[in-house]
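The structure appears below as structure tokens.
The values are calculated or read from the model by the stated rules, or taken from the named source; none is laboratory data. Source: prediction; values computed, not measured. All Cβ positions, even for glycine, are placed from backbone atoms using ideal geometry, and neighbour counts span all protein chains on display.
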Amino acid sequence: MKYSKYLAVLVLFIVAAALPNYLGLYQLQIMNFVFVYIAFALSWDMLLRSGQLSFGIAGFAGIGGYTSVLCGYNFALSPILCILIGSAVAGIVALFVGSQVLKLRGLYFSIVTLAIGEIFRVIVRNLEVTGAAEGILLPNAIFMGNATKTYWLMFAIATFTIIISILFQKTRIYYALTSISNDEIVAASSGVNIFKYLVIIFVVTSAIQGMAGAAYWQIYASVTPEGAFNLGFALLPITMALFGGVGTTWGPVIGSAILSVTAEYLKLQFPHGHLLVYGFIMVAAILWFPSGIMGVFKQFTAKFNT
Amino acid sequence: MINSIVNQFKQRNFLFGFILILAAIILIGIYKPAVLVEGLQRSALYALIALPMALLLGIVDIINLAHGEFMMVGAYFAYFMSAQFGMDPIVSVLPALLIFFIFGLIVYYLTFKHIIGKPPLNQLLLGFGISLILSEGMTAIATNAPRKLSLDYVSSSASIGGVTFGTFEFVYVAGALIVLLGMQLLLKKTATGQAAVAVGQNPRGARVVGINVNNIYLLIFCVSIALISAIGPLFMTRYTLFPQMGSSFTLKSFSLVAVGGMGSITGVVYAALILGMGETLVLSSLKYGKWAEIIYFALIIGVIMYRSHQRQVK
Amino acid sequence: MNVRKIVRVMVAVSLIWGALTTGALAAEPIKMGAILPLADSTGKDGSRSMELAVKQINEKGGLLGRQVKLIMMDDEMKGDKAAAALDKLVTVDNVDIIVGGVGSGATMGAIPGMKKYGKVVVWIGGASGKIEEAMAGQDWFFHLHAWDYQQGALWETGYLEMEQKYGIKRKKTFMAYEEGAFGSGSFKAGKPIYEAAGNELQGEAFKSAALGGGDYRSVLRHAKEFGAESFIWTGYDKDALPIMEQAKEIGFAPGLFVGSPPGWPVDFKNTPLNQAVMFYSYWSEAQGVKNKNSKMYSDAFRKEFKDDPVTYFGPLAYTNIMIVAEAIKRAGTLDNAALIKALEATSYASPMGDTFVFKKSKIIDHQAFASPKIMQWQNGKAQVVWPWEVATAKLIYPFPAWDKRDKAAVPAKKAKGEKK
């Protein structure tokens, strides 16, 4: 039973690795959406496991995206280096912000993370160095637009996020943080330094979001305030994680994959009303599978085992 | 200074807060009288839109991410009542209240009823789905074309001491006061309202003492939907109508409820006053107006942080 | 029960993949791939006009003996979505040529893909000068819109000519612009031109109702305090009527009241507040009086959709398809090099009132655009007041004060009845 799990993961990775040979450029482009949403949704979920509901994905993705494009534009650094810098800057911002706001709980924390992202959006829109409202265009896309290489880049980022998430569930931090989300007072009295762990996980997840955003906008060789700080990046990953099932590694992954592909598919089928159908899917999903696809899967395996 | 205003109100030290606010009003009034009027009108609109959410989210802990979309649907209702039957939008507030109470009932039975008691996050997803259905459904019915009734009275104005200002938007001030008083009466003076507060604080305990919890959720939900939808007609007298207009007001309302403090109806009104006045004041400066949004978000963060700090000190 | 649920999910997923991976069937018709923001009024006018053009072409027997098929993709006004749309059109549908385009942001996202494929692109949107820079030396790129600096300069010419003819005053100009790329880009491009003409220019950004704003009073007050003789706002259709109402509310009525949304809301023609409001555009239905192509287009559009185009992206998108169709006819093939040559020989009398001929712009090789026009709302109709060759009415100047308006002269009520 235990080995079959690893086997399944192995098969999944082999399939993912083989995909560029079989997919056209358009499908590879959609895979970019899938991978970037996996990184967003899963990193968001990692923070949620510690009891903090963040609306800040768009903000950190935007910071990463802007930093990396600015590095490329002003210093002509290699795109990969730009992405790493973007990730690092998002992490550093998260460190400063997190050490201040992680004491907040519940909706208060959510609103503050949202507001921080919005502040950065207004700043880049008003400054000349960030290209003001028109944004910045890079002369060339990463890998000169080679779709296979781009696929590997996004695949690597998504895989990295998955690995971090799996490792994270085996560390002391995870046990500490689950104890926070269960009962903070008990956790605190048993000597767990809640705050330190929260800051660490906030920095790590924000750096991942920054990295994904940085890579994403390197692919399109441009950033605009409304595009990079798009609130869709805050809400859609949350939706995807919930759709797949929160609190697990594979839930957000599956949710992101299904919903990103579905969104594109609906767009082809109903050019004018795809979002309407998307809305109905969401409502139906939450009413019929309230704990997401992973929840259904667990119920199923539980029944199968008895 | 602003933080201390909130704090003082939090401690019910009304007198001190009152004096501070009065001083601020006089200062602004001398500096830029129009800011006072327009800031008040803007704050009132913010409060009006956020109050129904404060009731639903603050009192019974239901997150409705389709808040702004219900307002949008209500606004379209008024538009078509006016286009088809020549009904004045302000008059159509009354039928809107009734119709959208029933609409809320249907929405509740079809959706929200089934996720009460489930993880609260599910409400987010549900609300997001409903908001898409409402805005895209409205696009399918009424197209994306922006609409705006041409009403003569909305640009009515008055002049006092050489300052010309609009008078119509005092409707929002009146509306906010009525809704505020109504909610206060409901929550403080009626058994249902007190039951709602009890349900919000401890649903299980409320059930134990014999409160029909389901009915309370249902009632508060429908009242909130009816109110926000009936604000739609008032909103659309001054603003252009289009199916995607709701989402920004959902986020705005969220922020106001968070700044005002969960569970506090009056807190939302103070929050709206601070944010609306602050925003109008910054906007009134030609040079720094473009940073108004930053001030707005910084105030949100500042007030929330300060209050959390206060709680920890205590 | 649960097994069935899982099977259902899996079937759905595999169906979706199947549909995504099987795209192109036998490539019989000539395929044009269009990228437009379908949910926006510009995209709606554009997509309908393209359909109309393709229908007309096919009724006349198509091109090179083949039918024309138009495949439309929504860019949702986002760069990443435009890039995905482009990939889909080129690799799944195997389209022969790319057309469309509205917003600069969406265009920017699609540029890397356009460069990668090198397919012929005949693009009607994206006025930002940054796009021109990015397209330097790309011979397959044909642009059918003026760059931001060009339109600013041409409108300035219009003002100078109107100053002489009508004696308009605009020493003090106030420009209010929406804070996004569209508004602030226009301001940046217009600023040096205005100031070079010796005018005092004051500018301020506002939050468009399209993005959750809608209170313009502080900006209007600043314009009033500045003593603006000319007031220009750059924003969206959602801002149009509230700006007029709030200007009336604070008693602000400068001599020239100018707006420049991409299109006007349906209700704007019914309001008494529209009288003498000027605006920038590239086309008005009123041009049909003077121009038979324009009239033919408007009539055909109305017949097909029982509706009127509200933005110039309607006739522009129509022009887009027609220019491509004529080039394909001339080339006699879909080969890239031949098509580029044939496009270079374009001379198309467009319903926009101009003849489109490709020329070099500052940076790129192929640009052709309709002349920018200055229009004015007069008695509920949009009239062209400049350039003189295409003008359909004389300028009403100055903008009448709010309390000196003859309400009876405006057919507001009648227009309302018409709509039913």
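Quick check: is even one residue across the range B:73-95 more than 27 Å from C:LEU273 (Cα to Cα), not in a loop (DSSP other than H, G, I, E, B) and not acidic (Asp, Glu)? Scanning the range B:73-95 turns up at least one residue that is more than 27 Å from C:LEU273 (Cα to Cα), not in a loop (DSSP other than H, G, I, E, B) and not acidic (Asp, Glu). Taking only the range C:115-129 into account, find how many residues are at pLDDT 95 or above and either within 14 Å of chain A (Cβ to nearest Cβ) or in a helix (DSSP H, G or I) (or both). Number of matching residues: 0. Residues that are buried (at least 20 other Cβ atoms within 10 Å of the Cβ), part of a loop (DSSP other than H, G, I, E, B), out of contact with any strand residue (DSSP E or B) (no Cβ under 6 Å at 6 or more places or on another chain) and of a type in the set (Ser, Thr, Tyr) do not occur anywhere in the range B:250-267. Of the helices (runs of 4 or more DSSP H) that lie entirely inside the range C:130-232, those containing 3 or more residues that are more than 22 Å from the chain's Cα centre (by Cα) and crowded, with 22+ Cβ neighbours inside 10 Å span C:217-226.
In the range A:269-283, of all residues being more than 8 Å from chain B (Cβ to nearest Cβ) and part of a helix (DSSP H, G or I), the one that is surrounded by the fewest Cβ atoms within 10 Å (Cβ to Cβ) corresponds to A:GLN269.
Here is a check on your reading of the model: is B:ALA145 out of contact with any Leu (no Cβ under 7 Å at 6 or more places or on another chain), touching a residue at least 40 places away in the same chain (Cβ under 8 Å) and either buried (at least 18 other Cβ atoms within 10 Å of the Cβ) or within 14 Å of chain A (Cβ to nearest Cβ) (or both)? Taking the combined requirement at face value, the residue satisfies it.
Take A:PHE55 and tell me if it is within 12 Å of another protein chain (Cβ to nearest Cβ) and not in a helix (DSSP H, G or I).
Against the criterion (within 12 Å of another protein chain (Cβ to nearest Cβ) and not in a helix (DSSP H, G or I)), A:PHE55 qualifies.
Among residues of the range C:277-289 being more than 19 Å from C:THR234 (Cβ to Cβ) and among the hydrophobic types (A, V, I, L, M, F, W, C), the one that is nearest to the other protein chains (Cβ to nearest Cβ) is C:ALA286. So which residues in the range C:303-343 are surrounded by fewer than 20 Cβ atoms within 10 Å (Cβ to Cβ), in a helix (DSSP H, G or I) and within 14 Å of chain B (Cβ to nearest Cβ), if there are any at all? Within the range C:303-343, C:PHE305 is the sole residue that qualifies.
Residues in the range A:284-305 that are more than 24 Å from the chain's Cα centre (by Cα) and surrounded by 17 or more Cβ atoms within 10 Å (Cβ to Cβ): A:LEU287 only. Taking the residues in the range C:233-264 that are without any contact (Cβ under 8 Å) to a residue 40 or more places away in the chain and part of a loop (DSSP other than H, G, I, E, B) as candidates, determine which candidate is nearest to the other protein chains (Cβ to nearest Cβ). Ranking the qualifying residues of the range C:233-264, first place goes to C:ILE250. Summed over the range C:254-285, residues that are in contact with a Lys or Arg (Cβ under 9 Å, 6 or more places away or on another chain) and of a type in the set (Val, Ile, Thr) total 2. Within the range A:115-134, the residues that satisfy the criterion of being touching a Ser or Thr at 6+ places or on another chain (Cβ under 9 Å), in contact (Cβ under 8 Å) with a residue 12 or more places away in the chain and at the interface with another protein chain (Cβ under 7 Å from one of its Cβ atoms) are A:ARG125, A:ALA133, A:GLU134. If you check B:MET305 against the conditions, is it surrounded by fewer than 21 Cβ atoms within 10 Å (Cβ to Cβ) and closer than 28 Å to B:LEU27 by Cβ? So B:MET305 fits the description; yes.
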